[in-house]
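The values are calculated or read from the model by the stated rules, or taken from the named source; none is laboratory data. This is a predicted model, so every value here is computed, not measured. Cβ placement follows ideal geometry from the backbone for every residue including glycine, while neighbour counts extend to all protein chains displayed. Just so you know, the surface numbers come from the protein's heavy atoms only, side chains and all, with ligands and any DNA or RNA stripped out. Shrake-Rupley method; radii C 1.70, N 1.55, O 1.52, S 1.80 Å.
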Amino acid sequence: MLSRTADCLFWLGRYSERAGNVARGLAATFRMAMLARPLSADDEWRALLIATGSEPGFREKHGHVTPEAVVQWLTLDMENLSGVAACVEAARRNARTVRTALTVDMWEAINDTWIEFRRLDSSIIKGDRLPGFLDWVRSRALLFNGAATDTMLRDDAWRFVHLGTMLERADNTARLLDVRHAAFHPDAAGDAASYAQWQAVLRAVSALRAYQHVFHARLQPHLVAELLLLRQELPRSLLACYRNVETVLEAIADANGGTRGECHRLAGALHARMRFGEIGGILDAGLHDFLTQTIDQNIELGQHIGRQYLNGQQP
């Protein structure tokens with residue numbers, strides 16, 4: 001496969017996944033801000049900016065954090081490359097470039113989303129209309145993922161789309177957990193505020209019901225962290241994501257002469273770190289340090305994938 005085609009497929013997967021992730025995070029933050037005390041509501045919106053990696057750009061443009069400004073920045077502002085509008089635009093641009101490598105269902109999922117998005121006006125994110133808009137964005141991301149899973153041949157085209165999706169998903173899970181890491185400290189108070197934090201993290205990855213199925217218990221911080229980090233049953237856990245990343249990279253290498261590089265070593269190391277990790281030790285050593293290192297290694301992994309297989313790094 002040409003590196004430019006692989007590059008577009010990889011970033012198609014990343015941008016589509018990112019749009020859905022931002023919508024999930026916004027929905028969870030909107031709910032938390034409604035429940036939070038007035039003095040802590042702004043902290044919820046700031047945490048979301050940090051989780052999406054877009055706080056510096058927001059500060060440069062808006063300065064002060066307000067719910068209205070954050071929602072605008074993360075949804076309709078094209079200057080924010082991690083916002084929903086920019087992700088939809090970038091996903092469609094990449095899809096159009098490699099349209100012949102996609103199935104009809106995949107192209108229609110992306111193109112129809114782009115067409116419908118361009119018809120929306122700014123009132124769609126105002127007041128009570130915001131939750132419905134976020135549900136729509138999330139459903140469109142799910143539609144694309146479903147189309148890819150159900151209709152693509154399991155060849156290199158599938159592998160690069162899936163690789164981008166899994167790498168973006170791992171980054172999102174780590175960031176969402178990291179911005180609330182204080183609530184998972186062994187000495188943290190197990191009060192109503194902490195409980196709401198644990199619940200918000202689970203909602204942001206659509207895993208609240210999954211937690212109940214796995215543990216059959218009230219929310220407990222070490223179990224929430226274990227689910228998101230080390231449980232392979234959850235598709236958005238770091239273990240599940242890195243297991244898929246390693247598997248896909250191995251398949252790409254086998255299908256293209258067997259040459260392996262630093263990206264394969266780093267993917268294997270991240271997978272092993274989650275596979276053999278123990279939640280008690282992670283929390284005792286410091287969840288924030290663990291997640292910061294993981295996020296940094298995830299960025300490094302993406303860079304090495306770019307050097308090994310892709311045409312260049314898109315933002």
- Message: Heavy atoms of the protein only, probe of 1.4 Å, neighbouring chains included. What is the accessible area of His304 in Å², nearest 10?
- Response: 40 Å²
- Message: Per q in 0.10, 0.17, 0.23 Å⁻¹, report the Debye log10 I(q)/I(0) for segment 1-99, using one uniform scatterer on each alpha carbon and no solvent.
- Response: -0.31, -0.73, -1.10
- Query: Over the Cα atoms of the chain, Rg to Rh with Kirkwood Rh, two decimal places?
  - Reply: 0.96
- Message: Can you compute 3J(HN,Hα) from phi for each residue in segment 57-66, using the Karplus curve 6.51 cos²θ - 1.76 cosθ + 1.60 with θ = phi - 60°, rounded to whole Hz and x for Gly and Pro?
- Response: x, 5, 4, 5, 8, 10, x, 7, 7, 10
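When Rg is the radius of gyration of the Cα atoms in segment 100-187 and Rh is its Kirkwood radius, what does Rg/Rh come to?
Result for segment 100-187 is an Rg/Rh of 1.09.
Of all trypsin sites (Lys or Arg not before Pro) in segment 225-297, which ones are in loop regions per DSSP and have a Cβ with at most 16 other Cβ atoms within 10 Å? Walk me through the numbers on the way to the answer.
Values: sites: Arg231, Arg236, Arg243, Arg260, Arg265, Arg273, Arg275; in loops: Arg231, Arg236, Arg260.
Hits after loop and neighbour filter: Arg260.
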- Expressed in nanometres to one decimal, the distance between label points 7 Å along Cα→Cβ at Asp187 and Glu300 is 3.0 nm
- Per q in 0.20, 0.21 1/Å, what log10 I(q)/I(0) does a Debye calculation on the alpha-carbon atoms of segment 165-290 return? -1.10, -1.19
- Message: Starting from 0.36 nm per residue, how many nanometres of slack lie between Asp284 and Asp42 once their C-alpha separation is accounted for?
- Response: 84.2 nm
- Message: Per q in 0.11, 0.18 Å⁻¹, report the Debye log10 I(q)/I(0) for segment 154-239, using one uniform scatterer on each alpha carbon and no solvent.
- Response: -0.33, -0.75
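Could you give the Stokes-Einstein D for segment 110-155 in µm² per second, using the C-alpha Kirkwood radius, 4 °C, 1.567 mPa s?
Numbers: Rh = 12.0 Å.
In µm²/s, the coefficient is 108.
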- Got a number for the accessible area of Asp155? Probe 1.4 Å, square angstrom, nearest 10. 60 Å²
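Carbon and sulfur together cover what percent of the accessible area of the chain at a 1.4 Å probe radius?
Working: 7180 of 14120 Å².
Taking all protein chains in place, the chain shows 51 percent carbon and sulfur surface.
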- Query: Given H placed on each backbone N at 1.01 Å, which residues far from Arg236 in sequence or on other chains put an amide H within less than 5 Å of it?
  - Reply: none
- Mind checking segment 194-298 for GluC sites (Glu not before Pro) that DSSP puts in a loop (not H, G, I, E or B) and that have at most 13 other Cβ atoms within 10 Å? Glu233, Glu278
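How high is the FRET efficiency from Ile50 to Ser3, r the C-beta distance, R0 22 Å, rounded to 0.05?
Working: r = 33 Å, r/R0 = 1.50.
Efficiency for this residue pair is about 0.10.
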- Per DSSP, the loop-located GluC sites (Glu not before Pro) within segment 1-100 having at most 13 other beta carbons within 10 Å are Glu79
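Find, to one decimal place in angstroms, the Kirkwood hydrodynamic radius of segment 41-195, where the mean of 1/r is taken over every pair of different Cα atoms and then inverted.
Details: mean 1/r = 0.0572 Å⁻¹.
17.5 Å is the Kirkwood radius here.
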